[in-house]
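Enquirer: Take this structure first; my questions come after.
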Amino acid sequence: MAKTLSAQDAQFNIEQRVITDKVASNIKLWNIPDPWFSSTLVSARKAWETAWAAYNSNPAERTQSMTFAKNATRKVYEPMLRQLCTLLIGNPNVTDADLETMGIVGRRQGKHYPPVPVPTDVPDFRIEQAPGHRLLVHFHAHEQERESSAAKPHGVHGAELIYSVLETPPTSYDNLTKSAFDTASPYTFTFDLPDTGKTLYVAVRWENSRGEKGPWSNIQSAIIP
């Protein structure tokens, strides 16, 4: 494991802040995948810190719901943080000294990691309707690119998605003006009731741990349930 984060919430809170603050100040230098870090992970951090602050605000008035919120937000946030630590260990732009300042262990001293390849294949993906005005984007490697049961090609950190809700089919990728990033399939789009019946258009491409991107897939569409 990249880093054995403390089981004690108070120490975990210190560790996560040190790591994410350091990454935020070096996100471009280290080619950290964005918006996965700035949106997904940072949102999970904010949720954890809000719940943690409420839990500690007045121990004498602590409620069961505060405890539940603290535990639930950590359960969401901690796997992301561990994934970030693993990403940092395998990133040649992050030095051993950088890892030491963040308290991250796991890199074998004196060993040289092979370069991560730039993605060259296009993800296979499908869009599935789900209850609650949701669309799920299931993505994986082409069968010929897969190793055993791996869903992503070697060296790939996750998938970048570009998308838009449009009245007419897009004529180019430039028409897909919004973006998202996910490290594990499926990616979930959640819409509001007024969006029902509209059409979502999506394209997907791979991104490696150095932030290098592969070619875009074809654009697919689905009706919002």
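Enquirer: Across the range 99-134, what is the number of residues that are surrounded by 13 or more Cβ atoms within 10 Å (Cβ to Cβ), assigned to a loop (DSSP other than H, G, I, E, B) and at pLDDT 90 or above?
Expert: Qualifying residue count, the range 99-134: 5.
Enquirer: Residues in the range 1-31 that are modelled with pLDDT of 90 or more, under 17 Å from the mean Cα position of the chain (by Cα) and among the hydrophobic types (A, V, I, L, M, F, W, C): how many?
Expert: Final tally of qualifying residues: 5.
This table checks each residue for (1) among the hydroxyl-bearing types (Ser, Thr, Tyr); (2) assigned to a loop (DSSP other than H, G, I, E, B).
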site: Asp21; (1), (2): no, no
site: Thr50; (1), (2): yes, no
site: Ala60; (1), (2): no, no
site: Val76; (1), (2): no, no
site: Met80; (1), (2): no, no
site: Leu84; (1), (2): no, no
site: Leu88; (1), (2): no, no
site: Asn93; (1), (2): no, yes
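Enquirer: Hey, another quick one. For the range 40-77, how many residues meet the condition of being farther than 30 Å from Trp206 by Cα and either assigned by TED's automatic domain parsing to the domain that holds Ala184 or in contact with a helix residue (DSSP H, G or I) (Cβ under 7 Å, 6 or more places away or on another chain) (or both)?
Expert: 9
Let's see how each residue does on (1) more than 24 Å from Gly90 (Cβ to Cβ); (2) loosely packed, with under 14 Cβ neighbours inside 10 Å; (3) without any contact (Cβ under 8 Å) to a residue 12 or more places away in the chain; (4) in contact with a helix residue (DSSP H, G or I) (Cβ under 9 Å, 6 or more places away or on another chain):
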{"position": "Leu136", "(1), (2), (3), (4)": "yes, no, no, no"}
{"position": "Pro153", "(1), (2), (3), (4)": "no, no, no, yes"}
{"position": "Pro186", "(1), (2), (3), (4)": "yes, no, no, no"}
{"position": "Gly197", "(1), (2), (3), (4)": "yes, yes, no, no"}
{"position": "Leu200", "(1), (2), (3), (4)": "yes, no, no, no"}
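Enquirer: Identify all residues within the range 135-156 that are at pLDDT 75 or above and within 19 Å of the chain's Cα centre (by Cα); write none if there are none.
Expert: Residues satisfying the conditions are Leu135, Leu136, Val137, His138, Phe139, His140, Ala141, Lys152, Pro153, His154, Gly155, Val156.
Enquirer: Now for a different question. Residue check, Trp216 against (1) assigned to a loop (DSSP other than H, G, I, E, B); (2) at pLDDT 95 or above; (3) within 15 Å of the chain's Cα centre (by Cα), all met but one. Which one?
Expert: (3)
Enquirer: Ok, one more. Which residues, counting only those in the range 167-200, are assigned to a loop (DSSP other than H, G, I, E, B) and under 17 Å from the mean Cα position of the chain (by Cα)?
Expert: Those that are assigned to a loop (DSSP other than H, G, I, E, B) and under 17 Å from the mean Cα position of the chain (by Cα): Thr183, Ala184, Ser185, Pro186.
Enquirer: Go through Phe37, Phe12 for me and flag whichever is assigned to a helix (DSSP H, G or I), in contact with a helix residue (DSSP H, G or I) (Cβ under 9 Å, 6 or more places away or on another chain) and farther than 16 Å from Gly211 by Cα.
Expert: Unique residue meeting the criteria: Phe12.
Enquirer: Could you tell me how many of the residues in the range 60-94 are hydroxyl-bearing (Ser, Thr, Tyr) and surrounded by 12 or more Cβ atoms within 10 Å (Cβ to Cβ)?
Expert: The qualifying residues number 4.
Enquirer: What residue, among those in the range 39-59 that are of a type outside the set (Ser, Thr, Tyr) and closer than 23 Å to Glu160 by Cα, is surrounded by the fewest Cβ atoms within 10 Å (Cβ to Cβ)?
Expert: Lys46
Enquirer: Let me ask something else about it. Under 8 Å between Cβ atoms, at least 6 apart or on separate chains: pull out the pairs that start in the range 31-58 with a residue that is free of Cβ contacts under 8 Å to residues at least 60 places away in the same chain and end on any residue that is not in a helix (DSSP H, G or I).
Expert: Once the first residue is free of Cβ contacts under 8 Å to residues at least 60 places away in the same chain and sits in the range 31-58, its partners that are not in a helix (DSSP H, G or I) give Phe37/Ile27; Ser38/Ile27; Tyr55/Arg62.
The values are calculated or read from the model by the stated rules, or taken from the named source; none is laboratory data. Model, not experiment: these values are computed from the prediction. Cβ coordinates were reconstructed from backbone atoms using ideal geometry, including for glycine residues, and neighbour counts include every protein chain displayed.
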